[in-house]
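The values are calculated or read from the model by the stated rules, or taken from the named source; none is laboratory data. Every value quoted in this text rests on a predicted model; they were computed, and no experiment measured them. Cβ placement follows ideal geometry from the backbone for every residue including glycine, while neighbour counts extend to all protein chains displayed.
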């Protein structure tokens, strides 16, 4: 943030990202890519999925905040993005609850139908 | 054409790029940015439908995902992740160059973004053609040949080929294919930006299109950030 242009907010014209912020963000993203590959080599069972998704979410947040300027934008743009992410999570979560909740009874029913 | 620009209070110089229904370029830029973010929100939800399909199929057929993961080469996926992250860096840098009026850097970063997008598609082409040549298609067309099966790790080779392998690859081709189409669209947009930038359209007063395409490009990067671990890493 030593770049003189980095301090200008939306009220005083556009926000210009400094080379340090740009390169730093890319560096962290590449580092996290290496971390996610390394962690996937360790067998943690279902925790592997959680860790992989957590790292991906962190990377996505970094891209949005810095590369996409969201950190420096008007709050309303953040509301738009967060709303879409909330609905995305709702869709995936509730459909997954449904399929994991009922799959057992479907299998039971199939087994019973087969023996009949 | 120039009348509204003269009336404008926010921007000093008259410009041919100000639409008549906007007071000044600042207002125009803010409005187009909001519109673009709404489009990105719809893109997030569009891909969520596909991620849901992935999640449901994975929840019901965990062993299949553990098996099919060995059909994908994580090195190719990791390489493409690095390529896309670098192209995102280049795209973000092009916005900076446009904002500062640095035309040389703008042209270079736009060309680099386009080049890296091309590298991504070339890697994808090698992945797809290798699989399709060995019978690893989608649905009923997924009949891996002996040569492909022989290239799998020994522990995987011992297992029988699951019936539903074709459905896994239907999800894989659908999700990575739609992402690939987004990359191709992005490449088209960068060709357009390069033409406009070489004409000298962009500068500190007007860089909306550079910003908008970069935002779209970053979203394409974010989607790949999720696709990579889900398909290549976790089995």
- Query: Which of the residues belonging to the range B:73-83 are within 10 Å of another protein chain (Cβ to nearest Cβ) and touching a residue at least 60 places away in the same chain (Cβ under 8 Å)?
  - Reply: B:74, B:77, B:78, B:81
- Has the range A:16-23 got any residue that is modelled with pLDDT under 90 and outside the structural domain of residue A:80 (by TED's automatic domain parsing)? no
- Of B:65, B:39, which residue is buried (at least 16 other Cβ atoms within 10 Å of the Cβ) and either under 30 Å from residue A:93 (Cα atoms) or within 17 Å of the chain's Cα centre (by Cα) (or both)? B:65
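Hey, among B:133, B:140, which residue is modelled with pLDDT of 90 or more and more than 18 Å from residue B:232 (Cα to Cα)?
B:133
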- Task: Return yes or no: is residue B:70 more than 10 Å from chain A (Cβ to nearest Cβ), assigned to a helix (DSSP H, G or I) and at pLDDT below 95?
- Result: yes
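Listed residues B:139, B:177, B:166; which is loosely packed, with under 14 Cβ neighbours inside 10 Å and touching a helix residue (DSSP H, G or I) at 6+ places or on another chain (Cβ under 6 Å)? Break it down stepwise before answering.
Working: B:177 fails: touching a helix residue (DSSP H, G or I) at 6+ places or on another chain (Cβ under 6 Å); B:166 fails: loosely packed, with under 14 Cβ neighbours inside 10 Å.
Result: B:139 is the single residue among B:139, B:177, B:166 that is loosely packed, with under 14 Cβ neighbours inside 10 Å and touching a helix residue (DSSP H, G or I) at 6+ places or on another chain (Cβ under 6 Å).
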